[in-house]
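The values are calculated or read from the model by the stated rules, or taken from the named source; none is laboratory data. Computed from a predicted model, the values in this text were never measured in an experiment. Cβ coordinates were reconstructed from backbone atoms using ideal geometry, including for glycine residues, and neighbour counts include every protein chain displayed.
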Amino acid sequence: MLTGVSEARRKTLLGIGAGAGLRIPPWARRAGIAEDALCNGAIGLHGRPRRGPAMAMAPIYVRGAVQAGAWKEAMEWPRDDWFPIAVPPGGRVRRLPRFGLTVRGPSMNAVYPDRATLICVRFSDLGRAPRSGDRVICQRVNRNGMIEATVKELVIANGVAWLWPRSDHPAHQTPIRLPGPRDGGAWRDHPTADAHDLGDSEQVDLIALVIGSYIAE
């Protein structure tokens, strides 16, 4: 249930959410966040319901999660599990499709703590390749076709590309070395590449740029 608010406030928030077609309780359970944080984020509220600047917030859908070491059949959740949040218009990328991903685990906790929401734009929509310093959504595909989706910082130094975790957790201190771009942005293991560099994956795709984040209190 909603935490830290009165029963009247809880009913007000859930009523507003329901009136907007938002299924707050199941979405909050799916994302692992508090109902009040999701409700405020979803309908652009901070404190009391209000008009004005909040109405300029743009809705996007949180479609899945990123988590180092979690190999799954797909990065995105089933469509019925997507939930909306309200975010600022987006500046120069306001006309481009954006989507959200929930962070799980400590692999980037120096920047994005567990349960933070990332706001992302696909590089294919941006019309540019990843650059050094970008925080990127990295999708690794192993030889069994399973997918690991994570967020990493891309660092290119002396012609070598690395995916760095930014974490204080001892299990997340080693970067992944990419052998070189292949097929328009995908990095693939091949006979001349060191298989250890890509770990358990035979392909790594940098699919999206992180342009912002939301951290619930």
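Tabulated values for the structure
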| quantity | calculated |
| --- | --- |
| Single unsatisfied condition, Asp114 versus (1) more than 27 Å from Pro175 (Cα to Cα); (2) charged (D, E, K, R); (3) free of Cβ contacts under 8 Å to residues at least 12 places away in the same chain | (1) |
| Qualifying positions in segment 95-114 - closer than 12 Å to Ile137 by Cα and in a loop (DSSP other than H, G, I, E, B) | Met108 |
| Positions within segment 106-163 being of a type in the set (S, T, N, Q), over 19 Å from the mean Cα position of the chain (by Cα) and surrounded by 15 or more Cβ atoms within 10 Å (Cβ to Cβ), in sequence order | Asn142 |
| Output for segment 162-190, where each listed residue is modelled with pLDDT of 85 or more and among the small types (Gly, Ala, Ser) | Ser167 |
